[in-house]
Amino acid sequence: MDEIEAGYVSYTPTAERFAQVGADFDSEAVDDAILAHLNARVAPGIRVHRNGKVFADPPELERAKAVDWKSLLEEIDLDQLIADNPPRR
């Protein structure tokens, strides 16, 4: 089935947020964990790609447009994700 672009979600933590943490961690792994959380929480047929674009199968398009991304992002314990993803060596 063809995907249709349904929106955009800015899911990566800001440089300012990373600076507040001031720790050494794998920022790419943190981004991946956030992306995995978002994709696990939306309906089947809706996907967030790594570039932040949201795609949906045609039957899910309106549902994808109605997702409350802010609420989903607020569910994530960013400090825990950072602690769980030490730097790659």
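The values are calculated or read from the model by the stated rules, or taken from the named source; none is laboratory data. Just so it is clear, the structure is predicted and the values come from calculations on it, not from any experiment. Note that each Cβ is placed from the backbone with ideal geometry, even for glycine, and that neighbours are counted across all protein chains shown.
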Quiz item: Do you know which residues across the range 57-80 are more than 12 Å from the chain's Cα centre (by Cα) and among the hydrophobic types (A, V, I, L, M, F, W, C)?
Solution: Leu61, Ala64, Ala66, Val67
Quiz item: How do the pairs read when you match residues in the range 17-31 that are modelled with pLDDT under 70 with residues anywhere that are among the small types (Gly, Ala, Ser) and not in a loop (DSSP other than H, G, I, E, B), using Cβ under 9 Å and keeping only pairs 6 or more apart or on different chains?
Solution: Ala23/Ala83
Practice problem: Filter the range 1-11 down to residues that are exposed (fewer than 15 other Cβ atoms within 10 Å of the Cβ), modelled with pLDDT under 95 and farther than 26 Å from Pro86 by Cβ, then give me how many there are. | Solution: 2
Practice problem: Check whether at least one residue in the range 14-28 is touching an Asp or Glu at 6+ places or on another chain (Cβ under 8 Å) and under 20 Å from Asp84 (Cα atoms), and report yes or no. | Solution: yes
Practice problem: Specify which of the listed residues (Val21, Val42, Val48, Val54) is touching a Gly at 6+ places or on another chain (Cβ under 8 Å) and on the phi < 0 side of the Ramachandran plot. | Solution: Val54
Quiz item: Which residues, counting only those in the range 12-56, are of a type in the set (A, V, I, L, M, F, W, C), loosely packed, with under 14 Cβ neighbours inside 10 Å and over 9 Å from the mean Cα position of the chain (by Cα)?
Solution: Ala15, Ala19, Ala23, Ala40, Ala43
Quiz item: Got at least one residue in the range 56-63 being closer than 16 Å to Ile4 by Cα, out of contact with any Phe, Trp or Tyr (no Cβ under 6 Å at 6 or more places or on another chain) and of a type in the set (A, V, I, L, M)?
Solution: yes
